[in-house]
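Structure first, commentary second.
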Amino acid sequence: MIALVCHGGCHDLMPPEDEKALSQKKLDEYGEIGFKMLETGANALDVVENVISLMEDDPMFDAGTGSFRNLNGIVEMDAMLMDSKQRCGAVQCIQNVRHPIKVARAVMEKTPHCILSGTGAVQFARSQGFPEYDPAQNNAGNDYGEAGDRKRMLCDIQYYRDVARGSDHVFSTVGVVALDDSGTLVAATSTGGIRMKMPGRVGDSAIPGAGTYCTDSVGLSATGEGEGIMKICLTHEIALTYAMKGDLAEACKAGISKGSAIDCICGVIALSRTGEISYAFNGVFMPVFHRKSDRKTRKSR
Ligand code: GLY
């Protein structure tokens, strides 16, 4: 059995039809590339890294090049991957790299740690040969608020909340979960965070059990308001419910209801070791791609 599921973020406001169609089309295109890799025997880790990297290069999504800037106009990104052997690598608040997901993989494979953050993550990336790259350079349309608003938001929490909550809620974080023909599951998430975030802010995506999680029976990636998702440990909560009750669709639905109960816009994709795919969200739109096959791959033939 091989399977792939991808999301392109959960939206609280309905995007215009053409934008909706385009984000679904691009997700389908990247998902098909990943699925073909699985069909020709690639391992799940290479597949999620490749699909997420493609989305990190696409300004349509809030990850890598398409990342929202913080209130200082700087892009700070979070990315994480985790596999069914519970190996895990993540970067938080990393700047000036093109593919945060590749650095997260290097953290998993080349360090004794799970998470590197901020300047330490950048230093590590350079030591591994990841060149300097400004993700904002090809994303001139990425609005990060008026100068006066930004200044006030940095020192007035209530004003920050009013402006940030009043702005559109587009959480176009990206996530992928893959199952390869050796039975390995890998879940990954990458994000530029939320619009008009404070410098140094870390979201849920690169926190194990919040935005990304994988056990030997299920892999999950979340999208939405990180501040809420991390409070309910959304992906861990769903994995636990699935382990106890064995119903993936119900577990996803119950997890998202917990998000709704604290007024958190969120969405999740899930893929089980048996190839069951499920997703749920409480926003108005979340592009999802999914494919599976139990045909023999080139490797297993
Ligand atoms: N879910 C993405 C973030 O809050 O950073």
Return, for the Cα atoms of the chain, the radius of gyration and Dmax in Å, separated by a comma. 17.9, 62
Using a/c under 1.5 as the rounded threshold, could you call the range 1-129 rounded, prolate or oblate? The axes a ≥ b ≥ c are square roots of the C-alpha gyration tensor eigenvalues, and prolate needs a/b larger than b/c, oblate otherwise. oblate
Spin-label point model (7 Å from Cα, Cβ direction): what's the Leu13 to Ala261 distance in nm? 3.0
Mind checking the dipole of the chain: about its Cα centre, +1 per Lys or Arg Cβ, -1 per Asp or Glu Cβ, Debye to the nearest 20? 720
Gain in length, Asp134 to Asp294, computed as 0.36 nm per residue apart minus the alpha-carbon separation, to one decimal in nm? 53.5 nm
Which aspartates and glutamates, on any chain, are close to Lys245 with Cα under 19 Å apart, when same-chain ones fewer than 8 places away are left out? Asp216, Glu237, Glu276
Which of Lys36/Lys85; Lys26/Lys197; Lys197/Lys231; Lys20/Lys258; Lys85/Lys110 have a Cα-Cα distance over 21 Å? Lys36/Lys85; Lys26/Lys197; Lys20/Lys258
For the range 90-104, Karplus-derived ³J(HN,Hα) couplings (6.51, -1.76, 1.60; θ = phi - 60°; whole Hz; x for glycine and proline) come out as 8, 10, 10, 6, 8, 10, 6, 10, 7, 10, x, 5, 6, 5, 4
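Rule-based calculations on the coordinates, nothing more; no lab input. It should be emphasised that the depicted structure is a prediction, and the values quoted were computed from it without experimental measurement. So basically every Cβ, Gly included, is an ideal-geometry build from the backbone, and we count neighbours across all protein chains shown.
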